[in-house]
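Q: Below is a structure I'd like to ask you about.
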Amino acid sequence: MGRPLPSGSMSSSGDGLAGRPGHALVGVVRMPANGGSPVRTITRRVLFALLALVVTVVIVYADRGGYRDSNGVAGHGLSLIDCVYYALVSLTATGYGDIVPVTEAARLVNILVITPLRVLFLIVLIGTTLEVLTERSRQSFKIQRWRSKVRDHVVVVGYGTKGRAAVATLLGEGVEPGQIVVVDMTKPALEAASARGLVTVTGSGTRSDVLRVAGVPKARAVVIATNRDDTAVLVTLTARELAPKAHLVVSVREAENEHLLRQSGADQVVVSSETAGRLLGMATSTPSVVAMVEDLLTPDVGLAIAEREVEDGEVGGSPRHLSDIVLGVVRNGTLYRVDAPEADAIETGDRLLYVKKVTPA
């Protein structure tokens, strides 16, 4: 492969992360946010606090004759600045006592209006502070709950161009975002994945402890879309060791490394450079063929390749005589093309690989 393999990637002593409690994984595992932008939330609360302040100032100013300034005389009223000052110290519960209500009406207004506003004002300020302080606790709880429930999910190692395309395809096929876990080391990639509602794990996919945190031992499939072939080999070895029964799909750049991936435990290997090269060559002479291939590989519009179980009425018949355009028959995990002798008759338990028409949502 021309490059030395990274050292220490498959260290068996790297179970430290997997054994940590949820609060110790905050910053490593990131659960998707349920609400909107935090800036928008804080801005809305600040505006609400300012509204409470303005309402209080208006109320005090309207009855300014009912207040006494320790530096003035009762009944002479307060200036607008005095009202703003009183509203601030009252709502923030500072209470210097230099401006106080002295008439029954002013005191009644303080009881019925200003005191509830003071409570709301403090809730807004303290609530925002507590929300920031408890975000780590909430993340810890969500991580712990997710780790106890996650299974049969898909782990995507590497969220570059190939990883993003793989995730888009999974989402297009109906996989829930919460059932996809992205493992990557770069902050922009992780933020992009989190923005799509995916669970993210910060770390190298070559480390067994990172893959354990991502739930690889309980995953149904692992998509390995790293940028380097040697890294893909190490990730495949580590993932296969942790999940002997998971379906491992690996992307490599060079065809000469395909056999290494299969020996490492990959179920399917996609050679990205050769596939792209073939499409480029075909596009020079038969561009319509390339357009059709792209259409088949796009799950949300036009035509798409799909797989389904056979129906009872189809058993014993030929896949060529069905209304669907059948490309192959999957039997006991082996794919037989529609022109293969084994695919002449459909058997119970077979699955059909066919072309379906996708209706835009």
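Q: Kirkwood Rh and Cα-based Rg: tell me the resulting Rg over Rh for segment 231-343, rounded to two decimals. Spell out each step's value before the answer.
A: Working: Rg = 17.5 Å, Rh = 17.0 Å.
Reported Rg/Rh (Cα atoms, Kirkwood Rh): 1.03.
Q: So how many Å³ per residue does the convex hull of the Cα atoms of segment 151-274 work out to?
A: Values: hull volume 10.8 nm³, N = 124.
Normalising the Cα hull of segment 151-274 by residue number yields 87 Å³.
Q: Could I ask something else about it? Specify the inter-centroid distance of segment 191-235 and segment 332-356, based on alpha-carbon positions, in whole Å.
A: Taking the Cα centre of segment 332-356 as reference, the centre of segment 191-235 is 32 Å away.
Q: Now for a separate question. With 20 Å as the limit, write out which pairs from K162/K357; K149/K218; K218/K245 have Cα-Cα distances beyond it, or answer none.
A: Working: K162/K357 25 Å; K149/K218 10 Å; K218/K245 9 Å.
Violating the 20 Å limit, Cα to Cα: K162/K357.
Q: Sticking with this one: Can you tell me how segment 301-358 classifies by the Cα gyration tensor, rounded, prolate or oblate, using a/c under 1.5 as the rounded cut?
A: Prolate is the answer for segment 301-358, as a/c is 1.5 or above and a/b outweighs b/c.
Bear in mind that the values in this text are calculations on the coordinates, not laboratory data. These numbers were taken from a predicted model, which means no experiment stands behind them.
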